[in-house]
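What follows is calculated from the coordinates using simple rules that are stated; it is not laboratory data. Bear in mind that the values here come from a model prediction, so they are computed numbers and not experimental data. Here the Cβ is made from the backbone with ideal geometry for all residues, glycine too, and neighbour counts use every protein chain on show.
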Amino acid sequence: MKNFPLHIAEINPYIRKAGYETSSNWHGQKRRIYDHEFIFAEKGKGIITINDRSYPIQPGALFLIKPDTSHYFDIKDTDGAVYWIHFDYFYRHDVMDLNRLVQNERSVLFNQHLPNHNLLRYEPVFEKGFALSDYMLVKDIKTISSIFKTIILLHEKKEALWELQAKIQLLQLFEYLFHHHLTRDTSTQIVDLCPYLVAYIEKNYYKKISLSHLSHVTGYHADYISKKFKQEIGMNITVYIHTVRIAHAKDLLLNTDYSISYISNLVGYSDLYYFSKMMKKYVGMSPTTFRNSH
C-alpha cells in the first residue's frame, strides 16, 4: 500500500457504495479491497481482524479498512447493526473501472493478492505524519449513526445531487474524527488502547503474553499500559490474562475429555503445576477436583 501526502483541506471524498449489514449474515472469509471503507457499529458484538490485529465490535466502534489490507469479521450478536461506506479521498477517473471489476469479479477480493494494482488507492498521510487509526471508539454514537444512515439513504435513493449531499455528510464525519484525534491528549489515548488489549488477550491468551510483549505490540510503554489498564478495566492486566485463560480452561474441563496436561498447554500454561496453582487461586480447587465436581 503506497502512501501520499494530503492536506486536510484537500479532502474531497467520493462515495462509491454504502449500506448496512446485520450480524446474522456477515462474517467469515478474509478479503482485501481496493479503496477505503468506514465500518461503524451502532449495536452488536464481535471481532474484526485487520492485518492480524483483532479489535472488538461494540457500540461506537468505528473501523477504517485501508486498501490492500487483509481483514475479516466475526459478528456474534444477531441483533447488531453495522453500517459501511466505501469511499475515495477524492474523485478518481477510474472509479467506473473499479465498480465494474468489483461487480463482475467479486471473488478477486478474497484472493491472497489483488490483481489490477493500478486500481489500488493510496493511503494519505496528513500534516505532521498524522493518519487515521484502523480502530476508533466514538462517544457520540447518535451523531455518527445519523451520518452513516443519511449517507446510506442518499445512496439508495440516488436522487438529484445525492453525491454532493453524501459528500457533505462524509466531510462532517472527517471533521469529527480529525477534531477528536488532533486535539486529544494522553488521557484520551486509552479510548483506543484498552479495547484493543482486551481483544488481543482474548485472541492470544494461549500464547506467552507479557507486559513487554504488549508494549512492543501496541507501541505504548509497559508502565503506561499497566496503569491505564488498571484504571479502565478495574484489574491488573496480568490478573486479567489469567482470568481469561482460566475461563477457557473451565470450559474445556467441562466440555471435553482432554487430559489435564493437554488443557494446560491449550490455555497457555506449559507448566502443569503452575496451571493447577492458578486454578486453585481463581476457582478455589484443582483442575481434577473442578472436573469431577460438575
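For the chain, the longest principal axis of the C-alpha atoms and the axis of helix 222-233 are separated by about 90°. Label positions at Lys227 and Val95, each projected 7 Å from the Cα along the C-beta direction, are separated by 4.7 nm. Looking at segment 199-266, the trypsin sites (Lys or Arg not before Pro) that sit in a DSSP loop and have at most 16 other Cβ atoms within 10 Å of their own Cβ are Lys207, Lys208. Its Cα gyration tensor gives segment 190-292 an equivalent ellipsoid, and the semi-axes of that ellipsoid, as √(5λ) in whole Å with the largest first, are 28, 13, 11.
Amide hydrogen proximity for Val283: with H placed 1.01 Å from N in the peptide plane, no residue at 5 or more positions away or on another chain lies under 5 Å. Normalised by residue number, the volume inside the convex hull of the Cα atoms of the chain is 160 Å³ per residue. Pairwise Cα separations in segment 111-178 fall into 5 Å bins from 0 onward with the following percentages, short to long: 3, 13, 16, 16, 17, 18, 13, 3.
Annotation: extensible slack from Asp52 through Asp251 equals 69.1 nm (criterion: 0.36 nm per residue apart, minus Cα-Cα distance). With K and R counted +1 and D and E -1, the other residues having a Cβ less than 13 Å from that of Lys157 yield a net charge of -1.
The residues packed around Ser70, meaning those with a beta-carbon under 14 Å from its beta-carbon, carry a net charge of +1 if Lys and Arg are +1 and Asp and Glu are -1. In the chain, helical runs assigned H by DSSP with n ≥ 4 each contribute -39500 (n - 2.57); averaged across all residues and rounded to the nearest 500, the mean residue ellipticity at 222 nm is -13500 deg cm²/dmol.
Quick one: putting +1 on the C-beta of Lys and Arg, -1 on the C-beta of Asp and Glu, what dipole do you get for the chain around its Cα centre, in Debye to the nearest 20?
Working: 35 positive and 30 negative charges, 172 e Å.
With only Lys, Arg, Asp and Glu charged at Cβ, the dipole is about 820 debye.
What does the charge add up to near Lys203, with Lys and Arg as +1, Asp and Glu as -1, over the other residues with Cβ less than 13 Å from its Cβ? Summing Lys/Arg as +1 and Asp/Glu as -1 gives 0. FRET efficiency for the pair Ser212 and Asp271, taken as 1/(1 + (r/R0)^6) with r the Cβ-Cβ distance and R0 = 22 Å, rounds to 0.65. The distance between label points at Gln165 and Thr289 comes to 6.8 nm (points 7 Å beyond Cα on the Cα→Cβ vector).
Here's the picture: charge each Lys and Arg Cβ at +1 and each Asp and Glu Cβ at -1 in the chain, and of Tyr20, Ile209, Leu154 the one pushed furthest to the positive end of that dipole is Ile209.
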